[in-house]
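These notes are about the structure you will find just below.
The values are calculated or read from the model by the stated rules, or taken from the named source; none is laboratory data. Bear in mind the structure is a predicted one, so any value in this text is a computation, not a measurement. For neighbour counting, all protein chains shown are included, and Cβ atoms are generated from backbone atoms with ideal geometry for every residue, glycine included.
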């Protein structure tokens with residue numbers, strides 16, 4: 001695990017914001033970013049929307065995608081990853097509406113990604129979160145979805161937490177040019193310990209990722 005351990009959640013979020021700024025500046029004519037959900041992502045998005053960070057980003061080059069989505073109303077900021085990103089970030093920065101791509105249907109989304117990327121979904125930056133059980137995107141431990149090796153986007157057959165979902169698959173996640181996990185809090189410590197020990201939890205299947213974690217997630 002390629003991890004940088006930082007003192008607290010705010011420091012993790014600020015370090016993640018710097019990665020986003022850097023990756024955006026380094027991209028060419030368009031910057032393809034894949035967003036995630038969770039408390040770490042929401043804090044990151046709120047930071048990016050502040051003048052401190054927003055003025056350093058050329059938002060006109062952004063194309064926004066998502067790694068997974070619950071099948072709920074897209075404006076549901078509590079349950080929808082798109083809704084949360086819209087509320088915290090996209091409503092406050094000049095990303096063109098036509099360049100924001102919410103997930104609503106697995107087949108349609110895969111077609112969109114194939115038309116945009118071609119041979120592989122090489123996101124310039126893939127943002128990932130970590131569940132306390134080691135899941136990432138909507139890929140959960142023991143799911144048959146982890147075995148998918150052809151599709152880029154699927155609707156997992158196993159409904160988790162009573163909610164149907166759409167998610168990128170492991171091969172799609174591993175095609176990104178750059179991947180960043182952000183995780184904090186003692187609730188994430190057990191999963192991080194298991195990944196460090198070599199257990200193949202879903203988050204561990206995402207290769208070549210950089211991790212930003214706080215002391216509580218790292219040390220418990």
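List of remarks:
- Selection count where residues are within 16 Å of residue 13 (Cα to Cα) and in contact (Cβ under 8 Å) with a residue 60 or more places away in the chain, scope region 173-198: 5
- Criterion violated by residue 118 - all others in (1) on the phi > 0 side of the Ramachandran plot; (2) at pLDDT below 95 satisfied: (2)
- Residues in region 112-127 that are part of a loop (DSSP other than H, G, I, E, B), buried (at least 22 other Cβ atoms within 10 Å of the Cβ) and touching a helix residue (DSSP H, G or I) at 6+ places or on another chain (Cβ under 7 Å): 121 alone.
- Members of region 75-100 found to be surrounded by fewer than 19 Cβ atoms within 10 Å (Cβ to Cβ), modelled with pLDDT of 95 or more and assigned to a loop (DSSP other than H, G, I, E, B), listed by number: 93, 94, 96
- Taken as a whole, the structure places residue 55 among residues that are out of contact with any helix residue (DSSP H, G or I) (no Cβ under 9 Å at 6 or more places or on another chain) and surrounded by fewer than 19 Cβ atoms within 10 Å (Cβ to Cβ).
- Selected residue (only one of 102, 157 is touching a helix residue (DSSP H, G or I) at 6+ places or on another chain (Cβ under 8 Å) and in contact (Cβ under 8 Å) with a residue 24 or more places away in the chain): 102
- Filter result for residue 166 (farther than 22 Å from residue 105 by Cα, touching a helix residue (DSSP H, G or I) at 6+ places or on another chain (Cβ under 6 Å) and buried (at least 19 other Cβ atoms within 10 Å of the Cβ)): no
- Count of residues meeting criterion [in contact with a strand residue (DSSP E or B) (Cβ under 8 Å, 6 or more places away or on another chain) and under 26 Å from residue 164 (Cβ atoms)] in region 87-111: 11
- Unmet criterion (only one of (1) buried (at least 17 other Cβ atoms within 10 Å of the Cβ); (2) in a helix (DSSP H, G or I)) for residue 46: (1)
- Residues that are touching a strand residue (DSSP E or B) at 6+ places or on another chain (Cβ under 8 Å), closer than 18 Å to residue 172 by Cβ and surrounded by 12 or more Cβ atoms within 10 Å (Cβ to Cβ), drawn from region 193-220: 202, 203, 205, 206, 209
- Considering residues of region 8-43 that are in a loop (DSSP other than H, G, I, E, B), touching a residue at least 40 places away in the same chain (Cβ under 8 Å) and in contact with a helix residue (DSSP H, G or I) (Cβ under 7 Å, 6 or more places away or on another chain) only, the residue surrounded by the fewest Cβ atoms within 10 Å (Cβ to Cβ): 27
- Within the set 69, 52, 18, the sole residue that is modelled with pLDDT of 95 or more, within 26 Å of residue 207 (Cα to Cα) and out of contact with any strand residue (DSSP E or B) (no Cβ under 7 Å at 6 or more places or on another chain) turns out to be 18.
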